[in-house]
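Following: one structure in structure tokens, then a few remarks.
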Amino acid sequence: MHPASLVSMILQDDFPSGGLIAGLLGAWFFVIIAAYLFFGFCFMKIAQKTNTENGWWAFIPILNILLMLNIARKPLWWILLFLVPLVNIVIAILVWIEICNVRGKSPWILLGFLVPIVGPIGVLCYLAFTD
């Protein structure tokens with residue numbers, strides 16, 4: 001789009017208002033914060049059910065990875081493997097499988113992560129809130 005036509009669009013009120021854009025960004029920010037708090041709370045509950053110390057680490061970036069490793073009973077140096085592209089996917093799968101085993105649940109439940117949006121929510125709720 002040519003800059004002159006963009007200016008004319010703005011002057012003709014064919015451009016979305018700043019309030020609309022701010023509202024959409026605010027709503028998106030709220031969704032992201034709510035998802036982060038939900039994940040942290042579920043992960044803290046998983047830590048409590050596995051008798052893992054420092055469950056509050058679930059809300060702090062980087063420490064939540066250490067909490068995952070503690071719950072899965074994996075060595076803490078594995079956090080370095082989370083920094084390697086593609087290797088981090090394999091390590092995350094292995095850690096989640098072990099978290100399921102520690103919780104006494106079938107690792108097949110992790111296939112729920114493949115279902116967009118509702119899958120991860122369901123898997124986390126199942127691991128966090130069932131006995």
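Each value in this text was obtained by applying a stated rule to the coordinates, not by laboratory testing. As the structure is a prediction and not an experimental result, all values here were calculated from the model. Here Cβ is always computed from backbone atoms with ideal geometry, including for glycine, and neighbour counts include all displayed protein chains.
Points worth noting:
- Here the residues Glu53, Glu98, ranked from fewest to most Cβ neighbours within 10 Å of their Cβ, fall in the order Glu53, Glu98.
- Dimensionless Rg over Rh [segment 35-129; C-alpha; Kirkwood]: 0.93
- Mean Kyte hydropathy of 0.0 or more with a Cα span along the axis of at least 30 Å, helices from DSSP in the chain: 18-49
- Rough spin-label spacing in nm, given labels placed 7 Å along Cα→Cβ, for Leu83 and Trp108: 3.8 nm
- Only the Cβ atoms of Lys and Arg (+1) and of Asp and Glu (-1) were treated as charged; on that basis the dipole of segment 35-129 about its Cα centre amounts to roughly 160 debye.
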